[in-house]
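Accompanying notes for the structure given below.
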Amino acid sequence: AYVRSLSGDERRTLPGTREVAGRWFLDPHAAVALQLSELSIELWDLTTMTRRALAATSQSRRPMFSARGDLVAFAVGADIHVHDLHSGAQVHRLVGHEGPVQAIAFADDDRVECPGVRHGTHLPSPAA
């Protein structure tokens with residue numbers, strides 16, 4: 001995998017990604033990339049071109065980034081894991097869903113929501 005500058009002039013290869021399978025997602029500020037594969041989740045800092053493995057695997061079709069660009073949420077079975085994009089640390093975990101989580105969204109105040117879930121799960125803002 002590689003990162004290209006917005007102007008298209010510069011192209012930098014992400015180390016160790018030549019034969020890596022998975023889906024790639026870019027945060028809204030183009031500072032972090034998230035790589036989801038069947039075996040791992042890796043968080044890439046695109047400024048330093050370094051990666052950090054997160055302690056989870058996910059079936060998420062699409063992880064969600066917070067509007068502020070400091071959090072990412074993804075489904076892990078019937079749970080939702082929320083990680084800090086700067087440290088990679090898990091900062092929240094929503095549990096208790098009846099089945100696999102299919103959709104995740106961030107509200108304007110950075111609460112995590114599960115659209116379409118009967119009991120309307122919400123996670124308070126980390127700042128609260």
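Pulled fully out, how much extra length does the chain show between R93 and E38, if you take 0.36 nm times their separation in residues and subtract their Cα-Cα distance?
Working: separation 55, 0.36 × 55 = 19.80 nm, distance 2.02 nm.
Contour length minus Cα-Cα distance gives 17.8 nm.
Relative to the present Cα-Cα distance, how much length would full extension add between A55 and D84 at 0.36 nm per residue of separation? Write down the numbers at each step before the final one.
Values: separation 29, 0.36 × 29 = 10.44 nm, distance 1.27 nm.
That pair, A55 and D84, stretches by 9.2 nm at full extension.
Comparing A78, A56, V91 along the charge dipole axis of the range 37-111, the residue lying farthest to the positive side is A56, per the Cβ-charge model. Here the range 41-100 is assigned +1 on the Cβ of each Lys and Arg and -1 on the Cβ of each Asp and Glu. Its dipole about the Cα centre then comes out at about 120 debye.
Taking the protein heavy atoms of the range 61-108 in the context of the full set of protein chains, the accessible area attributed to carbon and sulfur is 49 percent at 1.4 Å. Can you check what the net charge comes to around D45, using other residues whose Cβ is under 12 Å from the Cβ of D45 (Lys, Arg +1; Asp, Glu -1)? My count for the surroundings of D45 gives 0.
The values are calculated or read from the model by the stated rules, or taken from the named source; none is laboratory data. What you are looking at is a predicted structure, and each value in this text was computed from that prediction instead of being measured. Because the Cβ atoms are built from the backbone with ideal geometry, glycine has one as well, and the counts that use them run over all protein chains shown. Side chains are part of the model used for accessible areas, which takes the heavy atoms of the whole protein and leaves out ligands, DNA and RNA. Shrake-Rupley method; radii C 1.70, N 1.55, O 1.52, S 1.80 Å.
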